[in-house]
Amino acid sequence: MQAPSLNPPSPASTSVSSSTPPPHSDANAGTRGEQDTEALLRRALPPHRGAPPPSPLLVRTLCQQLGSIPPDLRRDIWPLLLLGPDAYDADVATAPSAIVQGFSGKEEGATAGAKVGPHCGNKSSPVDGPSRGLEALCGDDAKPFSLAQAIEDVPLDLPNQRVVEIDALRTRSELPLFKSPGTQAMIERVLTLYCKLQGISYKQGLNEVLAPFVQVVMGREGGCDGEGRRPDRLGEGRKGEGVGEEAGGALQEDGEGDGGDRRGQGCPPSAAPSLLIYRCFARFLHLLLGNLYSDEDFHLLQALFLLFRLLLLYHCPRLSLRLDACGLPPELYLTPWVLTLLARSLDMPTTLALWDHYLLEQDPLLHHFLLLALLRRHRASLLAAPVDLLPETLASLSFSGTAHVASLVAEAKALRAQTPDSYCRRLARVSRTNVDAASLSALLLDLNAVPTVTLTAQEALEGVLDVLGYGEEEEEGGEEEEEEERTKVEENREEEGGERKVPPAKPPRRSREEEGERGDGGGRGEGRAARGEGGECGRGLHDEIEGERGADRAEEGGSRRQEREEVGQHPDGEGRRRRSEEEEEGEGREGEG
Amino acid sequence: MANRGKQGAQSKYDHLIKLLLIGDSGVGKSCLLLRYSEDSFTPSFITTIGIDFKIKSLPLEDKKLKLQIWDTAGQERFRTITTAYYRGAMGILLVYDVTDERSFANVKNWMRQIEQHASESVNKILIGNKCDVDPADRRVSLEQGRKLAEEYRIKFFETSAKENVNVDEAFYTVARDIALRIDNEVDLTASGKNVKIGPGVGPAGGKECC
């Protein structure tokens, strides 16, 4: 049961605040505190043999407070965060009956092993195709199924086994660990078994998602490098304890050495790493990518493209329009980013640092917003790149180092907070959609009906009040009424218009950046309403809200704007006046960007 | 603003030529591209997922060509996504691996993809990669490759990204053919316009006169 690790830490359960901690780079403020936190972590991890494992919730909260996961502790923390307390269960390799159930297509049970069963439910009868030969692995009644054994014995006979074989050879092949034939063979077996147990065909990208787990479990220093393996110091005691006051290398080495040794004692050396890798990999995929890889034709991925385009249009309209104009829709750059959670684009230490956050947050949407943040960060260069170089520039976007990771994650979270909840819910639904024909066509119908990011009435109202400078208290007044009916703004136009007629006390000016982003979104839904009503105050407000989008449209999206204005039937003169205002504002903004 | 710079950069070349590399997974598309664009080779390339891009300038007589080369994922599973890539492609390099019969057999499937999704006028070329291998490891002969190319009436090269055999030639050939085609099309369009000015005389009429 890993339920605790899936929920956000409750403040009551620990003295540590659950709010986002200051990033790790903020060294001055929290040095002492961070050391204490880290010392706490190191005291808890890895657990003594026989001792109960630390609560994943506690570990997670401590890491969040720390702003990251200490690299040398990843090997203990990642499994704990993903698999819960039974990550340490040495017996997990044997007889989890739920796995056997997985073979016959039943739903996953509650035991530890169930996590490797067919999470996706919908593809859970792998009797034909990729799952050939599973019966042999299942054993008979007398011999219970062993996942560790299955990893060792899995027949390498997928229909596209050759691709798996090639990919195993070229996964992170720049790192020494991955050059070893043993590692490559293990990667091929894990990938093959995963596909068989899930009843899916092998798809490229799975290998890249697997690699960080191989590095974390089998590499040294939680994957910061792949070489310099020191001989295991078997039999040494817990050295990592209480060394929190020391910083840097010495501390890491001690902790890491111990971690490795203890793991070596706990499990059979050959089977255990691959078992742990398998379980973490399967769980991680399920958590962050849902059914994306179960979908044989990548319909869900295409649905994500559609939604991402809307998101980009919402937050960075000018960039979105430029990419569209240059023939670069998300189809052309998003595939590797989404399918490998950026693993393919980042060096190993950066990938691990980023995934630390993904594991701590366990929020599948974070990745989408991180991609948005990445594009936003490179907005200037993407807007400036000549059209012939644009695809290459876009495809090679990358970043390196933990500082970049921390700031991008922070930006991603901020962007998420500025995105209408209705959009986030829609996005969250996509990767969980069952991949049967009926669900897929329903999904596509749903998405095709969404020409833009839509707001619920509540969100629109909040946005208005926010812009007007009313605090949270005022919002709550409307919330109760609005919450019942979550409909698109357009449908509530009249009501909205009424709200807007609140005298526009000049709001305290927000930072331009923020204004552009929020207003951008707010404007999309609200704009129409405002235009429909055409009230004086509506316009002032609208100008305020329009922000960056106005500028973008002024430059690139003239036709689109015209469309919108037709929709809103805005008086001509006013429209023109606004346009010129927007352009002016846009120019200013662009200078800043 | 930022876009103004684009104009300047665009004028640095006469044609921007979009090429597409397709073929089964592992036949060496990315390696060919790396050899061509950066003149280097690595035996352990990473898997292409979705699509990758490279740009290469190519002088051709008095013209400057810019090749924008789209390197696609070979895996069949990506096909639903990759169809988007065919749009706007001016040339397609269809690659198989001379040590892998299946990749050769799949050429016909790839040709079907091209027919379905690419424009009719797209220039195609067939490439048998890894021709540096030991003859004992070879599964597809030069003659088989040549014959298949003849069947499809397209040009054919055996290449080695590893030993840098015929790589430049293959890219150059397809780029040159495309440049010629574009120039012809431009000429045709221009002459077509002229004809239109004279009332009632289409290109067909012109032919009859001759």
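Points worth noting:
- Across q = 0.25, 0.29 Å⁻¹, region A:32-87 modelled as identical point scatterers on its alpha-carbon atoms has Debye log10 I(q)/I(0) values of -1.00, -1.31, in the order of the q list.
- A cut-off under 14 angstrom between Cβ atoms defines the neighbours of residue A:395, and their net charge, with Lys, Arg +1 and Asp, Glu -1, is -3.
- The fewest-to-most ranking of B:47, B:173 by surrounding Cβ atoms within 10 Å reads B:173, B:47.
- Cβ-Cβ FRET estimate between residue B:184 and residue A:43, R0 fixed at 56 Å, reported to 0.05: 0.15
- Whole-Hz couplings from phi, Karplus 6.51/-1.76/1.60, listed for region B:93-110; x for Gly and Pro: 9, 9, 10, 10, 10, 5, 9, 10, 4, 5, 5, 6, 4, 6, 3, 5, 5, 5
- In sequence order, calculated HN-Hα J values of region A:405-420 (Karplus, 6.51, -1.76, 1.60; Hz; x Gly/Pro): 4, 4, 6, 5, 5, 4, 5, 4, 5, 5, 5, 4, 5, 8, 9, x
- Inter-part distance where region B:15-79 and region A:284-308 are each reduced to a Cα centre, Å: 26
- A DSSP coil position with no more than 13 other Cβ atoms inside 10 Å describes the following GluC sites (Glu not before Pro) in region B:95-151: B:120.
- Under-5 Å amide H pairs with residue B:17, H placed in peptide plane, nonlocal only: B:66, B:67, B:68
- For the peptide A:332-338, the mean number of other protein chain Cβ atoms found within 10 angstrom of a residue's Cβ is 5.
- Taking every alpha-carbon pair under 8 Å whose residues sit at least 6 apart, region A:32-87 reaches a relative contact order of 38 percent.
- With the gyration tensor restricted to C-alpha atoms of region A:294-468, the semi-axes of the equivalent ellipsoid amount to 24, 20, 19 Å, longest first.
- Charge sum, other residues only, whose C-beta stays under 13 Å from residue B:80's C-beta, Lys/Arg counted +1 and Asp/Glu -1: -2
- Paramagnetic reach from residue A:35 (point 7 Å along Cα→Cβ, amide N under 18 Å) across region A:59-85: A:66-67, A:70
- Spin-label pair residue B:120-residue B:61: with each label point 7 Å from Cα along the Cα-Cβ axis, the two points sit 2.7 nm from one another.
- Paramagnetic reach from residue B:143 in region B:86-107 [backbone N under 14 Å; point 7 Å along Cα→Cβ]: none
- The modelled label-to-label distance between residue B:38 and residue A:417, using points 7 Å beyond Cα along the C-beta direction, is 4.0 nm.
- Interchain or long-range residues, amide H under 5 Å from residue B:124's placed H: B:92
- Label-to-label distance, residue A:179 versus residue B:105, with points set 7 angstrom from Cα along the beta-carbon direction: 3.6 nm.
- Above-threshold pairs, the threshold being 31 Å between Cα atoms, out of A:413/B:56; B:29/B:66; A:179/B:124: A:413/B:56; A:179/B:124
- Across region A:294-468, the relative contact order, built from alpha-carbon pairs under 8 Å that are at least six residues apart, equals 30 percent.
- DSSP beta bridge pairing in region B:2-191, given as percent antiparallel to the nearest 5: 30
- Counted charge near residue B:28, where neighbours are those whose Cβ lies closer than 13 Å (Asp, Glu -1; Lys, Arg +1): -2
- Over region B:2-191: Kirkwood hydrodynamic radius from C-alpha pairwise inverse distances, Å: 17.1
- Normalised by the number of residues in region A:415-475, the average gap of Cα pairs under 8 Å and 6 or more apart makes the relative contact order 37 percent.
None of the figures in this text is laboratory data; all of them are computed from the coordinates on show. This structure is a prediction, so every number in the text was calculated from the model and none was measured. Methodologically, a virtual Cβ is constructed for each residue, glycine included, from the backbone with ideal geometry; neighbour enumeration extends over all protein chains shown.
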